[in-house]
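Peer 1: Dropping a structure here in structure tokens format, bear with me for questions.
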Amino acid sequence: MPAGVAIVGPGAIGDVHAQALARLGVTPVAVAGPKQDELAAFATAHRIPRQYTSLDELLADDAVEAVVVATPSHLHAAQSVRVLEAGRHVLCEIPVGLSAAEASSVADAAAAAGRVAAVGHTLRYWEPHRRLQDRLESTGTLPTLVVVRQLMLRQTDMGWTGKLRDWTDSALWHHGGHAVDAALWHLRPPAPVTVTGTAAPAWPGSGAPMDVAGAFVTADGRLASVAISYHSRQPVSDFLVIAPERTLLVDGPLLRENGEVVYDGGDVATVQFDAVTAQDRAFLDAVAGGPAPLVRAADVLPAARVLATLETGALPATP
């Protein structure tokens, strides 16, 4: 594992990464963030020896070999490119960018620098999803229909940890990124898909679309649909994969096959933290010269192109 891992963004998801790294026996060598009080509290909580108030200061630290970018979403792409151009490896939280062009810029910078650029598409490390994918691969099964629903209540800037943020999340690029990438991963299309759908008009309460619906068709006629909402007072997060001979469903910590539970991870919090830990371990292993992580910036470009299409088709705002 690398000697020097740093975190930029001492917020809620940065805290999760610090805990995951601790489970792996790794203490970050440095942390960067703009708010001195939060920075100091984070460093103390995780016994991080050095604090910086900017990314450039952190990258001037020769002990830093790899950086976890856990800042607000609109900073992800530019900061990841900066890390790569400085010759460091990066694990960028989802979304890697807020456009297809931003996502491509990170993939291009990784290729140019010869460094690892992993992305926090944690569902690919989610144990029920991994087991679903293993079942498809072991039998050569191609789904005929994948249905994904990511529905939650996010009408304020409160994140999933319950902490109020000073930036606005994106239903399309954040949770839509999870949904679309997982749909394509399970669908396993042989070529780019045809996309129809749209993001809703910007909601006055957030200034951003809060609902997204899309449908995809592969070149061989197989289908997927996704629905994302930040207005739903009934939380739903499920992934239905249908093939002629079997039906698989991931519902939180559970994997069902033909209605029967074939894997039970216990609770969402445990499965989620295990997935983040596995994701961070894969990143560190890749940095140390091991296999590439499951999700690199280049791997999520198909999902980014789908999201860009849905964003382009956004309905006009209501007068």
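The values are calculated or read from the model by the stated rules, or taken from the named source; none is laboratory data. These figures come from a predicted structure and were not determined experimentally. Ideal geometry is used to build each Cβ from the backbone, glycine not excepted, and the neighbour counts take in all protein chains shown.
Peer 1: Assuming R281 fulfils every condition listed in (1) farther than 25 Å from L136 by Cα; (2) part of a helix (DSSP H, G or I); (3) not assigned by TED's automatic domain parsing to the domain that holds P128 apart from one, which condition is it?
Peer 2: So R281 meets the others, but not (1).
Peer 1: Follow-up. Among the numbered criteria (1) in a loop (DSSP other than H, G, I, E, B); (2) in contact with a Pro (Cβ under 7 Å, 6 or more places away or on another chain); (3) not β-branched (V, I, T), which single criterion is violated by R115?
Peer 2: For R115, the failing item is (2).
Peer 1: Say we look at region 1-60 and pick out the residues that are in a loop (DSSP other than H, G, I, E, B) and in contact with a helix residue (DSSP H, G or I) (Cβ under 6 Å, 6 or more places away or on another chain); which of these is nearest to R82 (Cα to Cα)?
Peer 2: Within region 1-60, the match that is nearest to R82 (Cα to Cα) is G33.
Peer 1: Tally the residues that are farther than 15 Å from F283 by Cβ and among the aliphatic types (A, V, I, L, M), restricting the search to region 104-124.
Peer 2: Kept after step one, since they are farther than 15 Å from F283 by Cβ, are these residues of region 104-124: 104-105, 107-109, 111-114, 123.
Filter once more, so that each one left must be among the aliphatic types (A, V, I, L, M): 107, 109, 111-113, 123.
Count: 6.
Peer 1: Further question on the same structure: Give me the pairs: first residue in region 122-136 and of a type in the set (K, R), second residue in a loop (DSSP other than H, G, I, E, B), beta-carbon distance under 6 Å, and six or more apart or on different chains, which are they?
Peer 2: R124/L294; R124/V295
Peer 1: Got a number for residues in region 56-74 being touching a residue at least 12 places away in the same chain (Cβ under 8 Å), among the aliphatic types (A, V, I, L, M) and either in contact with a Pro (Cβ under 7 Å, 6 or more places away or on another chain) or surrounded by fewer than 23 Cβ atoms within 10 Å (Cβ to Cβ) (or both)? Give the steps one after another, and end with the answer.
Peer 2: Initially, region 56-74 is screened for residues touching a residue at least 12 places away in the same chain (Cβ under 8 Å), giving 56-59, 61, 63-74.
After this cut, where a residue has to be among the aliphatic types (A, V, I, L, M) as well, the list is 58-59, 63-64, 66-70.
Remaining after also requiring either in contact with a Pro (Cβ under 7 Å, 6 or more places away or on another chain) or surrounded by fewer than 23 Cβ atoms within 10 Å (Cβ to Cβ) (or both): 59, 63, 66.
The total comes to 3.
Peer 1: Determine which member of the set V81, V106, V90 is modelled with pLDDT of 95 or more, crowded, with 16+ Cβ neighbours inside 10 Å and not in a helix (DSSP H, G or I). Write out each step before concluding.
Peer 2: Details: V81 fails: not in a helix (DSSP H, G or I); V106 fails: not in a helix (DSSP H, G or I).
Among V81, V106, V90, only V90 is modelled with pLDDT of 95 or more, crowded, with 16+ Cβ neighbours inside 10 Å and not in a helix (DSSP H, G or I).
Peer 1: Do we find a residue being modelled with pLDDT of 95 or more and not in a helix (DSSP H, G or I) anywhere in region 295-305?
Peer 2: Checking region 295-305: at least one residue is modelled with pLDDT of 95 or more and not in a helix (DSSP H, G or I).
Peer 1: Taking region 174-219 only, how many residues are at pLDDT below 90, surrounded by 15 or more Cβ atoms within 10 Å (Cβ to Cβ) and not aliphatic (A, V, I, L, M)?
Peer 2: Number of matching residues: 3.
Peer 1: Still on this model: Return yes when L294 is touching a Ser or Thr at 6+ places or on another chain (Cβ under 7 Å) and under 16 Å from G177 (Cα atoms) and no when it is not. If you could, list the steps in order and put the result at the bottom.
Peer 2: On the way: touching a Ser or Thr at 6+ places or on another chain (Cβ under 7 Å): no; under 16 Å from G177 (Cα atoms): yes.
Taking the combined requirement at face value, the residue does not satisfy it.
Peer 1: Follow-up. Within the bounds of region 186-203, is there any residue that is in a helix (DSSP H, G or I) and in contact with a Pro (Cβ under 8 Å, 6 or more places away or on another chain)?
Peer 2: Step one: of region 186-203, the residues in a helix (DSSP H, G or I) are 186-187.
Going one step further and asking which of them are in contact with a Pro (Cβ under 8 Å, 6 or more places away or on another chain), we end up with 186-187.
The answer is yes; a qualifying residue exists.
Peer 1: Continuing with the same structure: For residues that are in contact with a Gly (Cβ under 9 Å, 6 or more places away or on another chain) and closer than 19 Å to L136 by Cα, scanning just region 220-246, find the one that is surrounded by the most Cβ atoms within 10 Å (Cβ to Cβ). Reasoning before the result, please.
Peer 2: Looking only at region 220-246, we keep the residues that are in contact with a Gly (Cβ under 9 Å, 6 or more places away or on another chain), and these are 224-228, 237-238.
This time we only want the ones that are closer than 19 Å to L136 by Cα, so: 224-225, 238.
Values: A224: 27, S225: 18, D238: 15.
Restricting to residues being in contact with a Gly (Cβ under 9 Å, 6 or more places away or on another chain) and closer than 19 Å to L136 by Cα, the top hit is A224.
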